[in-house]
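Notes follow the structure.
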Amino acid sequence: MRNQRVLLSIIALLVGLVSLTAGCGGNGSEATPTPKAKATATAGSIVPTATVTAGPIPPTATVTAGPIPTTATVATPSTELPTAASGSPTSLAIVNPVSGQKVAMAISVVVQAPDLGSGHLSVWVRPIPADPGQQYWAQEPPVETTLGTWKSNPVYVGQETDPSGLPFRICAVVTQETYSHGQQANELPEGPNSCVDVTRQ
């Protein structure tokens, strides 16, 4: 019985020594406990956010409003002639025939033009003024009969076959150019002018 107790004591001592040796890592030094690996959840690769770097902001274009162009105005032909040497204004007017008058085919046209300056006086006839397809016809160049009074003769207002009541326009114009009898123009030459509307007898 005693021997049994001694044996148990020896076994217990051996067990203690084995436990002590295992605790020292088998070489007498304390074993460093291995840290447990921590489970780390790794998310999928995060796509880096694209960064847009703005360049220099261009300066705002500034529109400076200039003067508003003036609307083109069509000048109405004037009957005023250049000022005479004396300084008194002069005017241009057909004194015979008068507007609304019924006339024969061949007539004399009398024009009042006190001072032409460097211009030239001419007389034009246009049939049916409302018809855009008609032309102006130059008549005999006027001659000065008295101071400031000019006469063109003959002036042909249409043809013999034209019906009574057919309208015509007779114009006197002061231009820088000279015109001869029979010349035609789609528009009245530029320059001071005076016109009357007549009808055939």
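Only the coordinates and a few stated rules stand behind these numbers; no lab work does. Source: prediction; values computed, not measured. Cβ sites come from the backbone with ideal geometry, for glycine too, and all protein chains shown count toward neighbours.
Data for the structure
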quantity: Filter result for the condition that a residue is touching a residue at least 12 places away in the same chain (Cβ under 8 Å), farther than 15 Å from Val95 by Cα and exposed (fewer than 15 other Cβ atoms within 10 Å of the Cβ), over Gln139, Gln176; calculated: Gln176
quantity: Unmet requirement for Arg169, which otherwise passes all of (1) within 40 Å of the chain's Cα centre (by Cα); (2) more than 18 Å from Ala93 (Cα to Cα); (3) of a type in the set (Lys, Arg); calculated: (2)
quantity: Residue ranges of strands (runs of 3 or more DSSP E) in region 105-170 with at least 2 members among the polar types (S, T, N, Q); calculated: 106-112, 143-146, 149-156
quantity: Hey, Val111 surrounded by 13 or more Cβ atoms within 10 Å (Cβ to Cβ), closer than 13 Å to Val196 by Cβ and not aromatic (Phe, Trp, Tyr) or not; calculated: yes
quantity: Output for region 179-201, where each listed residue is part of a loop (DSSP other than H, G, I, E, B) and either exposed (fewer than 13 other Cβ atoms within 10 Å of the Cβ) or at negative phi (or both); calculated: Tyr179, Ser180, His181, Gly182, Gln183, Asn186, Glu187, Leu188, Pro189, Glu190, Pro192, Gln201
quantity: Evaluation of Tyr156 against (1) aromatic (Phe, Trp, Tyr); (2) touching a Leu at 6+ places or on another chain (Cβ under 7 Å); (3) farther than 13 Å from Leu121 by Cβ (one fails), failing number; calculated: (2)
quantity: All positions within region 142-155 that are buried (at least 17 other Cβ atoms within 10 Å of the Cβ) and of a type outside the set (A, V, I, L, M, F, W, C); calculated: Pro142, Lys151, Ser152
quantity: Residue in region 144-159 that is of a type in the set (Lys, Arg), within 19 Å of Val95 (Cβ to Cβ) and in contact (Cβ under 8 Å) with a residue 12 or more places away in the chain present; calculated: yes
quantity: So Asp197, is it among the acidic types (Asp, Glu) and under 41 Å from the mean Cα position of the chain (by Cα); calculated: yes
quantity: Members of region 97-136 found to be in contact (Cβ under 8 Å) with a residue 12 or more places away in the chain, within 18 Å of Ala185 (Cα to Cα) and of a type in the set (S, T, N, Q), listed by number; calculated: Ser122, Gln135
